[in-house]
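Computed from the coordinates by the stated procedures, all read-outs in this text should not be read as laboratory data. As the structure is a computational prediction, the values presented were derived from the model and not from experiment. Positions of Cβ are backbone-derived with ideal geometry, glycine not excepted, and every protein chain shown enters the neighbour counts.
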Amino acid sequence: MIGPDHFELDGAPHRVVAGALHYFRVHPDQWADRIHKARLMGLNTIETYVAWNAHSPRRGDFDTSAGLDLGRFLDLVAAEGMHAIVRPGPYICAEWDGGGLPGWLFDDPAVGVRRSEPLYLAAVDEFLERVYEVVVPRQIDHGGPVVLVQIENEYGAYGDDSGYLRHLVDLTRASGVVVPLTTVDQPTDEMLAAGSLPELHKTGSFGSRAEERLATLRRHQPTGPLMCSEFWDGWFDHWGEHHHTTPVEEAARELDALLTAGASVNIYMFHGGTNFGFTNGANHKGTYQSHVTSYDYDAPLDEAGWPTDKFFAFREVIARHLPVPDELPARRSPSPVLSTTFDRSVRLVDVVGDLGTRPAVGGDLGVGASGWTATEDVPTMDALGSYRGFALHRVDLPAGDEPRVLSFAGVRDRAVVSVDGRRVGVLQRDQHERAITVPPGRVLEVLVEDQGRVNYGVRIGEAKGLVGPALLDGAALTGWRSTPLDLGAVVATLSGDATQSGGATQSGGAAQSGGATQSGGAAGASSGSASDSAVTTLDGPVFAHATVTLDEPADLFLDTRSWGKGVAFVNGFALGRYWTRGPQHTLYVPGEQLRAGENDLVVFETGAAAAPVVSFVADPDLGHTEQ
């Protein structure tokens, strides 16, 4: 409970020393290890968001299988003798796709965003009721680990609809949540005033100037425990930028200042994990910036779950204020170094085939499993019912012998333009590109990639894909045929096995794991038209397969420096995006997704690979820093 000066547990003052660990960013077979290491650093609590769009890729769904088993995660926290903080949003930010808000939520343009709008609130209620079915029986009052639940997330930076916050509180209490409810905002007068209600306990989010920011928080909340519930010990990365780090000594000094002031803290992040599949978000502050696949965050545990110098520095700081266990975790040793070649490839155009004809490779393959949609005007991905990944569009070009200018009202977020099967060029949102010259030809094809939905600010909820009108030399270009791409079906076929392996669950356009069988006709399909000799070039859009043989499973780091831009899959599990622009140049491969013997690697390359080789390196390469 919340006392006059402290949190109280069993009638005694209690300090919360927590660390953020998002279960949906970590392979479920690794949860127990990461939680145990949190306790070894001196933490007594684990904090996690709940990602709505991961659990509910379609309205009415609430998936708690495999890597989305929130109940099992909380039970593991309890088994380690630790407490838990749950932050179910519904908006979470977190550099996660759409800030956790599902794309389908905005199919009706009347839906409001993070405010008292009936359509929005009805969907939110459905989600939170399912979350609280998991959380309520695991509260500390019921013998479980959950000690705090957060309402919304940094709401003062977005709005000031107190009625909306009141609705969330009422639903939370009516669902049976009895533990204290909190809010978090950056400690400015405006945000703290707008982002909470009088009966909610305010906490702050910051990474520096602790004494000053705690003082601001105290002005807005004269009694009760002080808490920084997001102590930023690192930062996230965008494609095309440097890799962000925070000096160990600086971060440790700020943590010590917080604890010396008597405050409770949640370290964001303790272990960041990975934006597997297509789950990364994006920022847009004048220019669209997509987050990278790694969510290492320069945290005390690195992306692969090993302690860093920051871990031991933080442990030393915590030990000045609270007891810490004697046990120390081991440091990371180099991962196995391996190399092989791609053994077969197939072009996207051969997978899809001509409209109305049988595709050249392995039947339908499920690539357009939902079918081709015919529309006069070019549709967005959302209009196709697809909220992550890729979509393919085709249109017949008018007769003509001269190059012409193709333009769209918007490109969200990257479009590979081809004419009669030959790549013409790329339109990229982050370069503000919307027009390209195309040569004469018969069929125009546009492969569009959603590079992550904006997770912060006013652009939350915007549709993805191509935004019309589509114009050719200023005249409307109509008669489009479009389909989302089910990459998982192609991956399963190239791997010769339509059953996906592993345990972490991904949703929304990536291959489904955890034993799910791909739909859309992929099961048992042959890849007979694919090249079966060593692949010497990768000129995308193209799929390529390699076999990786291991004596035993182990964490690996896939080297992507010689490739262009695409997505990689191991044993049907979508590792995430790679891009030659960096900063990230390796992809983390959880050992739990691998097996002794042969493993299947499939990449979907949308650009061109400088050298189509497959290499696994000893150490991660997350890119250059400002230094």
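To the nearest 20 debye, what is the magnitude of the charge dipole of the stretch 370-484 about its Cα centre, counting +1 on the Cβ of each Lys and Arg and -1 on the Cβ of each Asp and Glu? Mind dumping the intermediate values first?
Numbers: 14 positive and 15 negative charges, 67 e Å.
It comes to approximately 320 debye.
Out of the stretch 32-98, which trypsin sites (Lys or Arg not before Pro) are coil in DSSP terms and have no more than 15 other C-beta atoms within 10 Å?
On the way: sites: R34, K37, R39, R58, R59, R72; in loops: R58, R59.
Within the stretch 32-98, the qualifying trypsin sites (Lys or Arg not before Pro) (loop, at most 15 other Cβ atoms within 10 Å) are R58, R59.
Report, by chain and number, residues whose modeled amide H sits under 5 Å from the one on G410, excluding near sequence neighbours (fewer than 5 apart, same chain).
Those lying under 5 Å, H to H, from G410 are V467.
Please give the Cα centre distance for the stretch 293-331 versus the stretch 609-625, rounded to the nearest Å.
With the stretch 293-331 and the stretch 609-625 each reduced to a Cα centre, they are spaced 26 Å.
I want the local charge near D160. Using Cβ-Cβ distances under 10 Å, sum +1 for each Lys or Arg and -1 for each Asp or Glu among the other residues. Could you put the intermediate results ahead of the total?
Values: positive: R115; negative: D161, E190.
Here the charged neighbours net out to -1.
Applying the Karplus parametrisation 6.51 cos²θ - 1.76 cosθ + 1.60 with θ = phi - 60° to the phi angles of the stretch 435-450, what ³J(HN,Hα) value in whole Hz is obtained for each residue in order, glycine and proline being reported as x?
Once rounded to whole Hz, the list reads 9, 8, 7, 10, x, x, x, 9, 10, 8, 10, 10, 9, 10, 10, 7.
In Å and from the alpha-carbon atoms only, list the Rg and Dmax of the chain.
Using the Cα atoms of the chain, the pair Rg, Dmax is 24.7, 83 Å.
I'd like to know which of T223, V351, A415 lies farthest towards the positive end of the charge dipole of the chain, counting +1 on Cβ of Lys and Arg and -1 on Cβ of Asp and Glu.
A415
Per DSSP H run of n ≥ 4, the term is -39500 (n - 2.57); total these for the chain, divide by its residue number, and report the mean residue ellipticity at 222 nm rounded to 500 deg cm²/dmol.
On the way: 11 runs with 109 residues, N = 627.
About -5000 deg cm²/dmol.
Mind giving me the FRET efficiency for R320 and A399? R0 is 60 Å, r the Cβ-Cβ distance, nearest 0.05 is fine.
On the way: r = 78 Å, r/R0 = 1.30.
Efficiency for this residue pair is about 0.15.
If you plug each phi of the stretch 205-211 into the Karplus form 6.51 cos²θ - 1.76 cosθ + 1.60 with θ = phi - 60°, what whole-Hz ³J(HN,Hα) values come out, in order, with x for Gly and Pro?
Values, residue by residue: 10, 6, x, 7, 6, 4, 4 Hz.
Exactly which GluC sites (Glu not before Pro) in the stretch 128-216 are in a DSSP loop and have at most 16 other Cβ atoms within 10 Å?
Working: sites: E129, E133, E152, E154, E190, E199, E211, E212; in loops: E152, E154, E199.
Sparse-neighbourhood loop GluC sites (Glu not before Pro): E199.
From the phi of every residue in the stretch 329-337, what ³J(HN,Hα) in whole Hz does the Karplus formula 6.51 cos²θ - 1.76 cosθ + 1.60 yield, where θ is phi - 60° and glycine or proline is x?
x, 6, 7, 6, 9, x, 7, x, 9
Between A435 and V613, what is 0.36 nm times their sequence separation minus the Cα-Cα distance? Round to one decimal in nm.
Numbers: separation 178, 0.36 × 178 = 64.08 nm, distance 3.34 nm.
Stretched out fully, the A435 to V613 stretch lengthens by 60.7 nm.
So which trypsin sites (Lys or Arg not before Pro) in the stretch 252-314 end up in coil per DSSP with only 16 or fewer other C-beta atoms within 10 Å? Numbers along the way, then the final one.
On the way: sites: R253, K285, K310; in loops: K285.
Answer by residue number: K285.
Find the relative contact order for the chain and round it to a whole percent, using C-alpha pairs within less than 8 Å whose residues are 6+ positions apart.
On the way: 1644 pairs, mean separation 92.3, N = 627.
So the answer I get is 15 percent.
Report the FRET efficiency, 1/(1 + (r/R0)^6), for D621 and T340, where r is their Cβ-Cβ distance and R0 is 22 Å, rounded to 0.05. Display every interim value, and only then the final one.
Numbers: r = 19 Å, r/R0 = 0.87.
Result of the calculation: an efficiency of 0.70.
Given H placed on each backbone N at 1.01 Å, which residues far from F7 in sequence or on other chains put an amide H within less than 5 Å of it?
Amide H neighbours of F7: H14.
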